[in-house]
Each structure stands twice: as structure tokens, then as C-alpha cells.
Amino acid sequence: MSAKVPVAIVGANGYSGEELCSILAGHPDVQVMAVTSRQHAGKPVGEVLPRLSSVREFSNLVFIESSMDLLLKCGAEFYFLALPHGLAAEYAVPLWRAGKRIVDLSADFRLRNAEVYREFYGEEHPAVELLPEAIYGLPELHREEIRTAKLVGSAGCYPTSVLLVLVPLLRAGLIDFRDIAVASASGVSGAGRKAEAALLFGECNESLRAYGLPKHRHLSEIEQELSLAASRQVTITFVPHLAPMTRGIHTTIFTRLADGVAEEKILSALESAYADEPFVRVSKNLPDTKNVSGTNFCDISARFDARTGRLILLSTEDNLVKGAAGQAVQNFNLMAGLGETAGLL
């Protein structure tokens, strides 16, 4: 039996960090060396995250301070950064310089252009020197680059739900790149574990509202990857919504077929693109968030509205799994030379 890969989780008390701990607790090829939290330092992990209290490896672990000295001494080879944007880069730089391999769940290393980061995030990029080293962490698009990467910026939740649908169609020239509009709805956990009035149960329950208009931060990485797929600048309309559910994303995309393309080509093109992909399921059935909840799957379907001549594309995923922690583990599996589905199926 081969030795397990030693990993550390930096920032494990948020929703994504907790989900990451849960996935890694069942990963057959991983040994968790350290779990950090400034808020819970000194407390047993199982006490703070009760669902892990019966997992032997985690029941013996204690949260440590997020100090670089402790992290470098813990013996990990891979580091998951489940931290807010801006803060993640502060850890990525010294870890990268120390020769460690990093999967960042924040937005710090998803964008290739520091000026775009400043435009969408309202601040200077904290580690411009590492941008050329980072690989965009959506395995279905950049699998081979991810395998050898030292630093992966794991794709965001909304972008995953949009890109997995549109990229194959843009690459094949099947849709009109000039006419794309997206409406997405996410569960409240997508906003993170923070105390804000807008996220209180009484504000979110039995209510649906749009937010982040007209330039949600995730639009930057969506347009970056769509433009790469189309080999030209792609600009889209993107409207996210907060849905009255804990987890899940439902995305609906409106576009048009490229000239001369038959509607039948769309679903078959998607089926062909994802025939060998373990986590993308293409179906004639309309996707439903309940069927992907707690999984690393993204479900995709398509309909053509002959009355308006518009193509309607749909996808669902769990924002905390395929949209965050599961995607991070999928990236890690590739980087570590493990089976891509390890710990995720």
C-alpha cells in the first residue's frame, strides 16, 4: 500500500473549509497533517465540526494558528487555502517559495490579468508575480496543465456552472458568442459563513432576489475562460440570484445557434464533450439541484425554443462541492497523481 499524501487545510471553519474537511476525511489517499483556524485555535476539530467527531483522524486533530512557521513544520506537501480573496495570497506566496503545492479556493489566482482583478475586486492584486505560475482549476478544461501545476486557482461556483455548458459549444463554433445572457440562483451558503443582515433566515427564507449587478466578481473569470474558448473577446450578461435554500446552484443560459447549426447538434455535442468525464452528466431531462446536492456532479441539459429562435441551456451543481471543496479535491487528485475521483465518489 502506497503512503498517503500529507496535506494541510488553511482556514477550515467556513462552509467551504468544513466541506473540504468532510471530503478529505473520507479520502483513501490523504493524511491531514494540520487544520488551521484563528477563531478556533486550540480546540479539537471534532468539537467545532461535530460531523467529523467520529472520524478518528480528525477527532485527534486540534486547530492550530494560521502561522507560516507552524504550517511549514507540519509536514504537508499540499496545502488547501480555504480563505477569503486577498488573504489567501499572503499564504500562497511563502508556501510556493518553499516548494509546496497549493490549491487555492479563493479568487486570488483564477484570473490571468492583474488589471482585471483590480477592476472586479476593487484592489490591487496581492501577488502579481505568481499569476503566470497559476493554472485555472477547472479540470474538465485544463486537466493536463493542472497535473503539473504547483499553484491552482480552483474555479468559482457560478463560473463552473456556466463554463461547463458553454465552453464546448464555443470551441465548436455552435453558438453565437455575441448573444449570451445568464441567470443563476445560488443557495445562501454561497455567501459564506458571515453575520450579515441580508443573509439572516428571516431575510432569505421564502424570498428570491438578484444581487451583484451588473458586474458580479465571478463575471471576470467567466469571460476570461469563454474568450479563451472562442479565441476572441466574449462579453456576456450575468445575473446571479440568492435562492431560499442552503446549497446548490441552478444556471439558465440564453443564447442563439450559430448560422447554419441545427438544434440537434447541441445536446449531441455536449454528450460527446463529456462522454468520458466522471463528474459531468448530460441528459435530456431538465436538471434539478436536489439531484446534485452533496455531490461533485454537474448536470447539464438543453432546449431549443423554435418560437423565438433562442437556445436555452441549463445546469445544476452543489456550490460547496463541485463549486468549491469537491472541485479543489478533484484538482488535488490530478496534481498528486491520484485517481481523479478519489474521495469524491
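The angle separating the long axis of helix 87-97 from the principal Cα axis of greatest extent in the chain is about 70 degrees.
Counting only DSSP beta bridges with both residues in the chain, what percent are antiparallel, rounded to the nearest 5? Write down the numbers at each step before the final one.
Working: 25 of 56 bridges.
That works out to approximately 45 percent antiparallel.
Which of L257, L83, L199, L169 comes first, and how do the rest follow, when ranked by fewest Cβ neighbours within 10 Å?
Numbers: L257 18, L83 24, L199 15, L169 27.
If I rank by nearby Cβ atoms, fewest first, I get L199, L257, L83, L169.
For G137, nonlocal amide neighbours, meaning residues 5 or more places apart or on other chains whose placed amide H falls under 5 Å from its own, are G153, S154, A155.
Think of the chain as a dipole: +1 on every Lys or Arg Cβ, -1 on every Asp or Glu Cβ, centred on the Cα centre; then among N291, V128, I175, N291 lies furthest on the positive end. Compared with the dominant Cα axis of the chain, that is its longest principal axis, helix 15-25 is turned about 70°. For the listed residue pairs K4/K43; K215/K322; K290/K322; K265/K322; K73/K322, the alpha carbons are over 21 angstrom apart in K4/K43; K215/K322; K265/K322; K73/K322.
Packing, taken as the mean count of other beta carbons within 10 Å per residue, orders the peptides 237-243, 153-159, 60-66 from highest to lowest as 153-159, 237-243, 60-66. Where both partners of a DSSP beta bridge lie in the stretch 18-155, what percent of those bridges are antiparallel, to the nearest 5? So the antiparallel bridges amount to about 10 percent of the total. Annotation: peptides 317-326, 336-345, ranked by per-residue average of other Cβ atoms within 10 Å with the highest first, follow the order 317-326, 336-345. Residue exposure proxy: D179, D259, ordered by other Cβ atoms within 10 angstrom of their Cβ from fewest to most, comes out as D259, D179. I'd like the orientation of helix 157-171 relative to the chain: the angle between its Cα long axis and the longest Cα principal axis, in ° from 0 to 90, rounded to 10. Helix 157-171 sits roughly 50 degrees off the main axis of the chain. When the helices of the chain are scored as -39500 (n - 2.57) per DSSP H run of n ≥ 4 and the total is divided over every residue, the value at 222 nm lands at -8500 deg cm²/dmol.
An ellipsoid equivalent to the chain, defined through the eigenvalues of its Cα gyration tensor, has semi-axes of 33, 21, 20 Å when rounded to whole angstrom and sorted largest first. Under a Gaussian network description of the chain, with springs only between Cα atoms under 10 Å, the residue in R110, R256, R193 that fluctuates furthest is R193.
Could you put I180, I312 in order, starting from the residue whose Cβ has the fewest other Cβ atoms within 10 Å?
Values: I180 25, I312 15.
Ranking I180, I312 by Cβ neighbours within 10 Å, fewest first, gives I312, I180.
Given a cut-off of under 8 Å on Cα pairs at least six residues apart, what relative contact order in percent is computed for the chain? RCO, the chain: 18 percent. Restricting attention to the stretch 158-318, close to 75% of DSSP beta bridges with both partner residues there are antiparallel.
Laboratory data are not the source of any read-out in this text; all were calculated from the coordinates shown. Please read all numbers here as calculations on a predicted model, not as lab measurements. Using ideal geometry, Cβ is built from the backbone for each residue, glycine included, and neighbour counts are taken over all protein chains shown.
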